[in-house]
Amino acid sequence: MITEEVKARMREICARYPDPRSGTLPCLHLAQEAEGYVTPDGIAAVSEVTGTKIDEVESVVTFYSMYDRAPTGKYAIKVCTSISCYLRGCDGLMEHFEQRLGIQRGQTTADGSFTLQGVECLAACGMAPVLQVNGEFVENVTTADADALIERLKRGEAVAAQPGAWNVLPSKTGASAQQTAAGSGSAQTGKAK
Amino acid sequence: MADSVDTITTENKTLPLGPYPRFVTRNMDVPGIDRIEVYREHGGYAALAKALQSFQPEQLVEEVKQSGLRGRGGAGFATGMKWSFLPPTSPKPRYLIVNCDESEPGTFKDRMIMELNPHMLVEGVIIGSYATKVHHAFIYVRGELAFAGRQVERAVREAYAAGLIGKNILGSGYDLEITVSRGAGAYICGEESALMESLEGRRGYPRLKPPFPAVVGLYGGPTVINNTETISTLPAIVEHGAAVYGAYGTEKSKGTRIYCLSGHVNRPGNYELPLGTPLRTLVEDFGGGMRGGKQLKAIIPGGSSVPFLLPNQLDTPMDFESMAAAGTMLGSGGVIVLDEDTCIVGAVLRMTEFYRDESCGKCTPCREGTFWLVQLLERLEHGGGKESDIDLLNDICDNMLGKCFCPLGDAATSSIMSSIKLFRDEYIHHVRAHACLVGPGATRAHAASVTPVSAR
């Protein structure tokens, strides 16, 4: 059920664009937040506020990967499976979650607590392997971290919204960079010094 | 350094801000820089005031042309040149869009800018909009980057409240509205015309070009679309001047950019370096060398959409021209490092699965091609492939390259074609030994462990 209050927020969003139809994606996010997933009611509400047909909203819902068309667990754990995370062990991490939670990727635990998903590159490749819980990042995840995370979530502690673990002063670590900036000429090995 | 090759010229040039200036990553370590008060205390929005007071829009376009700034999203097109393609007048309103849909595997710089220093982005949007005489700008943030999106939204709200966006900005008579919009999970929306479709409330299908966005773009109006890092560099260019910015880098690839280092190195992370810095400097000096003292096997220097480089190319300067000469591309600046224990077929399979999953499905060569490529690679990786599969992979790539509707199809072929060229023996080993040459797949019976396509 999409309340009038949610619809009012949708209309406010649509008013930020020259064409209300541009509000389709953000309004669908709102509908999903309100009901847990995108329901026929949600689609009808978005159709109404954006002035588009039900079919047109549905075609958007089915195109984008973030819109759920069925209920998910209380915590959606999305493990990045793209190349940089792959190189740093995301497959082992995913298998660990599957064992710990007793489900396969793409499934939800019987008690409705956890949904486990593999997702594409989350723009955190320097902190791989990485995952998101309900949209918030957890970076540099070891299997021990994964166990601790599950316990924290079971206690009802949400993952905090915060910036990534960025190396914000990178130049400090590159002490000898200046000397080699002109190129050293040798061209054979990438081995650590 | 006066030879025709665009090598790094740090030795012979006067470098006004030292060898490693921080134009686009400056102040990111300042606590609270994401709030407008702190940002202004550190000189924030002074470049905007300078732009509005000291420059006519045309002069700003010229200044950016002089700086040599090129797009940081992947294609590397000259920013000032792109702006000058806008028709001087048009019946429909013109727009500026910032492409914050960062999702190229191996790339994680735009998310950092949005999370840590969103006001620098907003200041860049206002400067860029003024230069291109735009009165409504859009910031399209990738859906998965929720925190980054909220940071940008708050920065825009704070800037509105401070009179830096809206009517008569800083008494200049210039008006601008900024709308922050959020995607919902689709790599293809990083392609500029698909992004505009998405921003109009539709599926992210790319549009036919021409007409290019500068002529027919968002809502049919002339549209400028620039990457997050490109736009975020504008305040520094206005502050320091085109000459200072252009003193860095090479003749054709000027300035600095953020290189995103990931994979098997000791210190992965984001490093702002002058264009033309050798790969070796990034990997060994900034990245701390190979993790665990392993040997380097290959490098993907510009996000997963570009061809591999080999260890003997580690001295290649990281600028657009040198990378092209080395047979690859600088792309998005995502430098992915693979060590000796990495199975190339496995890595290529993983990258190809990405393009299969992210193909929008609009055109046949990409939709069917990526699916078929994954099936063949999966078969090879798990020891069930035939030698003819290797040539078939090349053949399918050849039938996609340049024949797809947008660059996604081309991108999917890069790692496959270059890996077959550079590591053909490793592919053949998979066929003959029914196992990988290196990595965990080399020691176990592999064919049994095929992960079904539907599992991911």
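The values are calculated or read from the model by the stated rules, or taken from the named source; none is laboratory data. In this text, all values refer to a predicted model and were calculated from it rather than measured experimentally. Virtual Cβ from ideal backbone geometry, glycine too; neighbours counted across all protein chains shown. Keep in mind that these areas ignore ligands, DNA and RNA; they rest on the heavy atoms of the full protein, side chains included. Shrake-Rupley method; radii C 1.70, N 1.55, O 1.52, S 1.80 Å.
Among residues belonging to segment B:306-331 that are of a type in the set (Asp, Glu) and surrounded by fewer than 23 Cβ atoms within 10 Å (Cβ to Cβ), point out the one that is nearest to the other protein chains (Cβ to nearest Cβ).
B:315
Run residue A:14 past the list (1) over 19 Å from the mean Cα position of the chain (by Cα); (2) crowded, with 18+ Cβ neighbours inside 10 Å; (3) assigned by TED's automatic domain parsing to the domain that holds residue A:121 and report the number of the one that doesn't hold.
In the conditions (1) over 19 Å from the mean Cα position of the chain (by Cα); (2) crowded, with 18+ Cβ neighbours inside 10 Å; (3) assigned by TED's automatic domain parsing to the domain that holds residue A:121, residue A:14 misses (3) alone.
Looking at A:75, A:86, A:37, A:17, which one is under 19 Å from residue B:357 (Cβ atoms) and modelled with pLDDT of 95 or more?
Every option except A:86 fails the conditions.
Given the condition in contact (Cβ under 8 Å) with a residue 12 or more places away in the chain, surrounded by 23 or more Cβ atoms within 10 Å (Cβ to Cβ), outside any loop (DSSP other than H, G, I, E, B) and among the polar types (S, T, N, Q), answer yes or no: does some residue in segment A:36-51 qualify?
yes
What is the number of the single condition among (1) within 13 Å of chain B (Cβ to nearest Cβ); (2) within 21 Å of residue B:354 (Cβ to Cβ); (3) assigned to a helix (DSSP H, G or I) that residue A:66 does not meet?
With respect to (1) within 13 Å of chain B (Cβ to nearest Cβ); (2) within 21 Å of residue B:354 (Cβ to Cβ); (3) assigned to a helix (DSSP H, G or I), residue A:66 is out only on (3).
State whether the residues of segment B:282-305 include one that is touching a Lys or Arg at 6+ places or on another chain (Cβ under 7 Å), under 22 Å from residue B:421 (Cβ atoms) and surrounded by fewer than 22 Cβ atoms within 10 Å (Cβ to Cβ).
yes
Looking at segment B:290-297, is at least one residue more than 9 Å from every other protein chain (Cβ to nearest Cβ) and either small (Gly, Ala, Ser) or under 19 Å from the mean Cα position of the chain (by Cα) (or both)?
Within segment B:290-297 (the criterion being more than 9 Å from every other protein chain (Cβ to nearest Cβ) and either small (Gly, Ala, Ser) or under 19 Å from the mean Cα position of the chain (by Cα) (or both)), the answer is no, since none of the residues qualifies.
Only one of B:219, B:245, B:140 is of a type in the set (Ser, Thr, Tyr) and either assigned to a loop (DSSP other than H, G, I, E, B) or away from chain A (no Cβ under 14 Å) (or both); which?
B:245
Filter segment B:368-394 for residues that are more than 20 Å from residue B:354 (Cα to Cα), outside any helix (DSSP H, G or I) and out of contact with any Leu (no Cβ under 8 Å at 6 or more places or on another chain); which is least open to solvent (accessible area, probe 1.4 Å)?
Ranking the qualifying residues of segment B:368-394, first place goes to B:383.
Take the residues of segment B:165-205 that are among the small types (Gly, Ala, Ser) and assigned to a strand (DSSP E or B): which is surrounded by the fewest Cβ atoms within 10 Å (Cβ to Cβ)?
Ranking the candidates gives B:166 first.
Being outside any helix (DSSP H, G or I), of a type outside the set (D, E, K, R), away from chain A (no Cβ under 14 Å) and crowded, with 20+ Cβ neighbours inside 10 Å narrows it down to one residue among B:226, B:270; which is it?
Only one candidate qualifies: B:226.
Kindly list the number of the only condition in (1) of a type outside the set (A, V, I, L, M, F, W, C); (2) touching a strand residue (DSSP E or B) at 6+ places or on another chain (Cβ under 7 Å); (3) more than 9 Å from chain A (Cβ to nearest Cβ) that fails for residue B:254.
Evaluating residue B:254 over (1) of a type outside the set (A, V, I, L, M, F, W, C); (2) touching a strand residue (DSSP E or B) at 6+ places or on another chain (Cβ under 7 Å); (3) more than 9 Å from chain A (Cβ to nearest Cβ) leaves (2) as the failure.
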